Amino acid sequence: MFSVGILTISDKGSRGEREDLSGAEIRRIISQLPARVDAYEVIPDEEEMIAQKLVEYVDRKKVDLLLTTGGTGLSPRDVTPEATRKVLHKEVPGIAEAMRVEGMKITPLAMLSRATSGIRGRSLIINLPGSPGAVQENLTVLLPVLKHALEKVQGDPSDCAAQKVAPSCEKARKPIKSVD
């Protein structure tokens, strides 16, 4: 069972002027994993506060997966990616790239997302957009690989090479077509 933290970044949400539907959507979708939500908060779009909360959730609360929602767009107050990059030890660009690629199949606006993702310690941090629909679209793309990614971040030594396919790799692996 993985520990999950949800951090909603929203000025209006933090002031109680908007219901956090995106955080609720994350909670609903994450229930499909062997995971439990252990930490949740709504905070304003303040870069230093976001960075501090990311560190708190990972270093002190020890969440395995930290999902943020909001603050990934182009407005002057959208600073979630900057705050996230400040605290990451390693970036995992393929996660955000996959979300944008799949999002582009639904709307060209997906190319405007500045979401990032990466590793801090033994935790995976992923920025998601702020709308419930975009959260659903993006998490649906990630669900097939999240368990495997979390196992690897936490040090799973199993080899996912074709010769030795670890059980956690089995579901994610697609058959390779030979070229004859």
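Can SER123 be described as under 11 Å from the mean Cα position of the chain (by Cα) and either over 27 Å from ASP45 (Cα atoms) or among the polar types (S, T, N, Q) (or both)? Yes, satisfied. Restricting to the range 118-164, what's the tally of residues that are part of a helix (DSSP H, G or I) and basic (Lys, Arg)? So the count comes out to 2. Is one or more of the residues making up the range 75-87 modelled with pLDDT of 95 or more, among the aliphatic types (A, V, I, L, M) and within 11 Å of the chain's Cα centre (by Cα)? Checking the range 75-87: not a single residue is modelled with pLDDT of 95 or more, among the aliphatic types (A, V, I, L, M) and within 11 Å of the chain's Cα centre (by Cα). When restricted to residues that are out of contact with any Ser or Thr (no Cβ under 7 Å at 6 or more places or on another chain) and under 19 Å from ASN138 (Cα atoms), the range 80-98 contains 4. Kindly evaluate ALA115 against the criterion of being modelled with pLDDT of 95 or more, under 24 Å from SER31 (Cα atoms), touching a Leu at 6+ places or on another chain (Cβ under 7 Å) and part of a loop (DSSP other than H, G, I, E, B). Yes. Applying the condition of being among the β-branched types (Val, Ile, Thr) and without any contact (Cβ under 8 Å) to a residue 60 or more places away in the chain to the range 22-78 and asking which residue is nearest to ILE95 (Cα to Cα) yields THR72. The residues of the range 13-64 that are of a type in the set (S, T, N, Q) and modelled with pLDDT of 95 or more, listed by number, are SER14, SER22, GLN52. Answer with yes or no whether PRO132 is out of contact with any helix residue (DSSP H, G or I) (no Cβ under 9 Å at 6 or more places or on another chain), closer than 18 Å to THR72 by Cβ and not charged (D, E, K, R). No; evaluated as a whole, the condition is false for this residue.
When the range 3-40 is filtered for residues that are acidic (Asp, Glu) and under 11 Å from THR69 (Cα atoms), the ones remaining, listed by number, are ASP20, GLU25.
The values are calculated or read from the model by the stated rules, or taken from the named source; none is laboratory data. Values in this document were obtained by computation on a predicted structure and should not be read as measured data. Backbone-built Cβ (ideal geometry, glycine too); neighbour counts: all protein chains shown.
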